[in-house]
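All remarks here apply to the structure that follows.
The values are calculated or read from the model by the stated rules, or taken from the named source; none is laboratory data. Computed from a predicted model, the values in this text were never measured in an experiment. Here Cβ is always computed from backbone atoms with ideal geometry, including for glycine, and neighbour counts include all displayed protein chains. Calculation scope for accessible area: heavy atoms of the full protein, side chains included, ligands and nucleic acids excluded. Shrake-Rupley method; radii C 1.70, N 1.55, O 1.52, S 1.80 Å.
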Amino acid sequence: MKTLSEKVILVTGASRGIGAAIALRLASEGAKVIVNFAGSQEAADKIVGDILSAGGDAIALQADVSKSEEVKELFDAAISHYGKIDVLVNNAGIMLTKLIKDTTDDDFTRQFDINVRGTFNTLREASTKLAHHGSIINFSSTTTRVMMPTYGTYVASKGAVEQLTRVFAKEIGTRGINVNIVSPGPTNTKLFTDGKPREVIDRLASLSAFNRIGEPDDIAKIVAFLASDEAKWISAQNIGINGGMA
Ligand code: NAP
């Protein structure tokens, strides 16, 4: 039997990048996957199509995680389709990089609405709707450990996700649910590569022990482990997936 057979897993922001790699990997390990997206319907449908053609089971569901009503509907639609949700992967996120002096009110609100309120909205739904003995994996970033200029609001939002996780792990542990954080290092996706010159990417790659940036599947493999029953005794932890960068 595959490791994640019988598990129903909701992955937010799974239309591309790390979320898409997670959806594909979880499905290949037997999970039924809800591929959430905000705007990229075509890309989400393609991920679902790839899973179905490989013999897996998945559906795409639209919801902007920053909107509480949409998140409520996302959970209800997923449960109505599959009967339950066992694992929540809170991957959806954005990264705005600007010096603090140049950051607008709107930049701040958008960064926090998607990364922090988005995570908060899904955790609140999960409180009552995630199955007993399930798992939650939230997304922070290795940038919270390296303090680089221009990452102020981004690392502040991810720091908030880390603290929400630690408290929620204690609150929901009574239902046998473990809650962890993963903190990827620089990873080869649109969020990381967009607008970065080659030399900047190479410099960041040189900060890992292996002189490369991560690939989405490097992250997906660890998320698959954390979603499995083998990882149940790990909770409230922040796991760096960054090739030794920090
Ligand atoms: P990405 O390639 O930009 O993909 C982001 C995904 O999130 C897309 O599927 C997007 O879907 C979705 N999304 C954005 N806003 C959303 C919203 N309001 N509601 C629902 N979905 C939304 O990003 P990524 O690099 O894969 O990043 C995934 C996670 O890893 C993020 O939390 C990021 O902070 C974290 N991370 C990334 C890196 C890195 O180097 N790449 C490093 C550390 C941490 P739509 O297109 O449909 O909007």
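Given the criteria touching an Asp or Glu at 6+ places or on another chain (Cβ under 8 Å) and part of a loop (DSSP other than H, G, I, E, B), does Lys2 qualify?
Spelling it out, Lys2 is indeed touching an Asp or Glu at 6+ places or on another chain (Cβ under 8 Å) and part of a loop (DSSP other than H, G, I, E, B).
For the range 231-246, how many residues are touching a Phe, Trp or Tyr at 6+ places or on another chain (Cβ under 8 Å) and part of a loop (DSSP other than H, G, I, E, B)?
Of the residues in the range 231-246, 2 are touching a Phe, Trp or Tyr at 6+ places or on another chain (Cβ under 8 Å) and part of a loop (DSSP other than H, G, I, E, B).
Quick one: how many residues across the range 24-36 are free of Cβ contacts under 8 Å to residues at least 40 places away in the same chain and touching an Asp or Glu at 6+ places or on another chain (Cβ under 9 Å)?
Going through the range 24-36 one residue at a time, the tally reaches 4.
Which condition does Lys72 not pass, out of (1) touching a residue at least 24 places away in the same chain (Cβ under 8 Å); (2) open to solvent by 50 Å² or more (accessible area, probe 1.4 Å); (3) closer than 22 Å to Pro184 by Cβ; (4) within 15 Å of the ligand (Cβ to nearest atom), if it passes all the others?
Tallying (1) touching a residue at least 24 places away in the same chain (Cβ under 8 Å); (2) open to solvent by 50 Å² or more (accessible area, probe 1.4 Å); (3) closer than 22 Å to Pro184 by Cβ; (4) within 15 Å of the ligand (Cβ to nearest atom), Lys72 fails exactly one: (3).
Is there any pair with a first residue in the range 7-19 that is without any contact (Cβ under 8 Å) to a residue 60 or more places away in the chain and a second that is open to solvent by less than 10 Å² (accessible area, probe 1.4 Å) and of a type in the set (A, V, I, L, M) whose Cβ atoms are under 6 Å apart and which are 6 or more apart or on different chains, and what are they?
Ser15/Ala44
What is the residue count in the range 26-57 for residues that are part of a helix (DSSP H, G or I) and surrounded by 21 or more Cβ atoms within 10 Å (Cβ to Cβ)?
Total meeting the criteria: 6.
How many residues, within the range 96-143, are more than 9 Å from the ligand (Cβ to nearest atom), more than 25 Å from Leu74 (Cα to Cα) and assigned to a helix (DSSP H, G or I)?
7
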